[in-house]
Amino acid sequence: MKRLFSPWRSAYIDSFKKKQKKSEKCLFCRIATEDRDDKNLVIWRGEHCYVVLNLFPYNSGHAMIVPYRHVPGIGDLRAEEHREIMNAGAKCIDALTKTSKPHGFNFGANIGRAAGAGIEHHLHFHVVPRWEGDTNFMPVLGETKLISEDLKRTWTRLRRRMST
Ligand SMILES: [Zn+2]
């Protein structure tokens, strides 16, 4: 249950974030500029934004839509960014529907730390597939290794879907 309700609080995640802080670079900006989509789990790139799998997923297939520009708020986005982010959301939901048949989705942004934003200075939108009763099976995904193997499989499947 810990992973599901406080996904940013485990010791593993804290150590990961500390490492990020040391490098002094925004994780989303780094992923945007790196040419390592397989390592970084990027499943799609557009002109203004990209879609990446969450390394600490709330559910299998948990993706994030991230504008290339480092801006904190929805109001900071330009019209063309709004448009592409919304289209990427639809594309992502479509790909997830075809690959893993969820019963529903959460789609949205956590704005500010108080709202649960893990990386608050670089706006991003979550796409979380939901299954009825998914709160019950999540605790079995406790091991980091299991999750990373699951992520690789999800990445391969979704990347193929997103490019069609
Ligand atoms: Zn950034």
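Throughout, read-outs are computed from the coordinates displayed, never taken from laboratory work. This is a predicted model, so every value here is computed, not measured. Cβ coordinates were reconstructed from backbone atoms using ideal geometry, including for glycine residues, and neighbour counts include every protein chain displayed.
Under 17 Å from the 7 Å Cα→Cβ point of ALA115, by amide nitrogen: which residues of segment 64-80? Taking a point 7 Å out along Cα→Cβ of ALA115, the residues of segment 64-80 whose backbone N falls under 17 Å are 64-67, 70-78.
Backbone amide hydrogens, once placed in the peptide plane, bring PHE105 within less than 5 Å of ARG130, excluding anything fewer than 5 places away on its chain. Considering only CYS92, LEU77, PRO102, the residue lying farthest towards the positive end of the dipole of segment 73-112 is PRO102, judged by Cα position with unit charges set on Cβ.
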